């Protein structure tokens, strides 16, 4: 599906379609979190750090792994 960056641009552009998959992957994220994230990768990383206690690098890896599976 191309690079992770291209994939993320598709996620950002169609965020509402991906929210179910995001919640399936990271169940601790709330609907409010998803609204605030609104397709912004940095915001998702920050929320993962808050909800799961991840370091920034771990949050980024989780996002990359998830994105690569889409």
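A few points about this structure:
- Condition check for residue 11: touching a residue at least 40 places away in the same chain (Cβ under 8 Å) and touching a helix residue (DSSP H, G or I) at 6+ places or on another chain (Cβ under 6 Å): yes
- Residue match in region 26-35 (condition: crowded, with 18+ Cβ neighbours inside 10 Å, at pLDDT 95 or above and outside any loop (DSSP other than H, G, I, E, B)): yes
- The set of residues in region 49-70 that are part of a helix (DSSP H, G or I) and out of contact with any helix residue (DSSP H, G or I) (no Cβ under 7 Å at 6 or more places or on another chain) comprises 50, 51, 52, 57, 58, 61, 65, 69.
- Considering each residue of region 36-43 in turn, at least one proves to be in contact (Cβ under 8 Å) with a residue 24 or more places away in the chain, under 9 Å from the mean Cα position of the chain (by Cα) and in a helix (DSSP H, G or I).
- Meets criteria (touching a helix residue (DSSP H, G or I) at 6+ places or on another chain (Cβ under 8 Å) and without any contact (Cβ under 8 Å) to a residue 40 or more places away in the chain) for residue 26: yes
The values are calculated or read from the model by the stated rules, or taken from the named source; none is laboratory data. None of these values were measured; they are calculated from a predicted model. Here Cβ is always computed from backbone atoms with ideal geometry, including for glycine, and neighbour counts include all displayed protein chains.
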